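Report on the structure given below.
None of the figures in this text is laboratory data; all of them are computed from the coordinates on show. Note that the structure is predicted; figures quoted are calculated from it, not measured. Here the Cβ positions follow ideal geometry from the backbone for every residue, glycine too, while neighbour counts run over all protein chains shown.
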Amino acid sequence: MGLRKYMAKRVAISLLTLFVVMNLNFWIFILHPGDPTRFLLDPGMLPAQKQMIRDMYGVDEPIYIQYVKYMKNLASFGLLPPYFGFSHKSHEYVADEMAWRLPFTVALLGTALIGEIIIGIPVGILTASKRGSKLDVAITGAGLFTYGVPTFFIQLFALFFLVSLVYRTYGIFIFPSSGWMSYPVPEGILNQLANIAWHMALPVATLVIAAFAWWALYTRNMLLDVLTQDYILTARAKGLRERTVLLKHALRSIYPQIATMITLSIPGLVTGAIITETVFGLNGIGKWYIDSLSISQPDYPVVQAVLFIFAVLTIVCNLIADLVYGVLDPRISVGARK
């Protein structure tokens, strides 16, 4: 199979997967018992007012019409009316609310991912070069501990000791306990950016602490496997320095795996956003999604839109991982030409 056919096959599978997800996302809420607008209807409303709300959300339309509108709506990615529909809680377009929340979530997760990479991979290289040493045992043990502890536990632990306990003892806030920015909002763009960075510092740090060990241990194990290969033994037999063997020969051979790790880790960060934003009270996409799942007042348009975006992100990242791996290491994708 040629590289083009491999890529075309992966794209086709990804599109089919997205289509299935879109359908499941529609039918789960359509088949859910009850009227999705029942939480919006006040008993004191006039019949005309109640019908106007039902017409706005299209709940009385035939299912096939709702399905067509839903598919067209998601296919436009919220860029065209009705912009993912109206939120049941805010009565605003879902896309408008998503637009101001998304940059904060992307900044949080992007910063955390960069921190995990620039700390985890070098630590993995270091432990691989010091295999069996006390340093290797200490770092590996610490990494296994932080990796095994749930992320939310580390975050609650940090909130208690670095925020609550410090404030009760010394009357100061080393880190803020919630929110993206202090109120009143600081004047000046630089002060605002610094204030946002201060609010993000603890959530980002806890995410990095919880996840860097995965990068370190995975990098270490891949390098240890590569260091047993014949070409590494040949490089050492030529008299090359161990540093050169490690960085220019062994590390280069695991670039495809590292690239795959990076792309496949992005969807996993979404779960981290849901947990982290909920724990730290950050009004991003994750907390918005959890709030929309409220039993007392669910917000189906928001849940559908967020699930769709999450699904697209997961599918696209998996596709990119397949394509990057296929380009960097054609042996696993293209095979031999006849």
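So the values come out like this:
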quantity	calculated
Region 106-283: radius of gyration over Cα atoms, expressed as a fraction of 2.2 N^0.38 Å	1.26
Helical contribution to [θ] at 222 nm, DSSP H n ≥ 4, -39,500 (n - 2.57), averaged over the chain, rounded to 500	-23000 deg cm²/dmol
Folded to 0 to 90 degrees: helix 3-30 orientation relative to the chain principal axis, Cα	40 degrees
Partners for LYS248 among lysines (Cα-Cα distance below 22 Å; same-chain residues under 8 apart left out)	LYS130, LYS238
Between helix 63-75 and the chain: long-axis angle, C-alpha atoms, 0 to 90°, nearest 10	40 degrees
Order of LYS287, LYS5 - criterion: other Cβ atoms within 10 Å of each residue's Cβ, fewest first	LYS5, LYS287
Structure-derived log10 I(q)/I(0) by the Debye sum over Cα atoms at q = 0.11, 0.12, 0.13, 0.16 Å⁻¹ - corresponding label in [x] -0.73, -0.88, -1.04, -1.54; [y] -0.81, -0.94, -1.07, -1.41; [z] -0.93, -1.04, -1.14, -1.35	[z]
Reachable lysines from LYS89, criterion Cα separation under 29 angstrom, eight or more residues apart if same chain	LYS50, LYS69, LYS72, LYS287
Whole-Å distance, taken between Cα centres, linking region 230-254 and region 168-187	50 Å
Sequence of PHE310, PHE161 once ranked by neighbouring C-beta atoms within 10 Å, starting from the fewest	PHE161, PHE310
Most mobile of TYR231, TYR289, TYR183 in a GNM of the chain (Cα contacts under 10 Å)	TYR183
Those lysines that a straight Cα-Cα span of less than 20 Å connects to LYS9, excepting residues fewer than 8 apart in one chain	LYS338
GLU61, GLU187, GLU97, GLU242 arranged by Cβ crowding within 10 Å, fewest neighbours leading	GLU187, GLU242, GLU61, GLU97
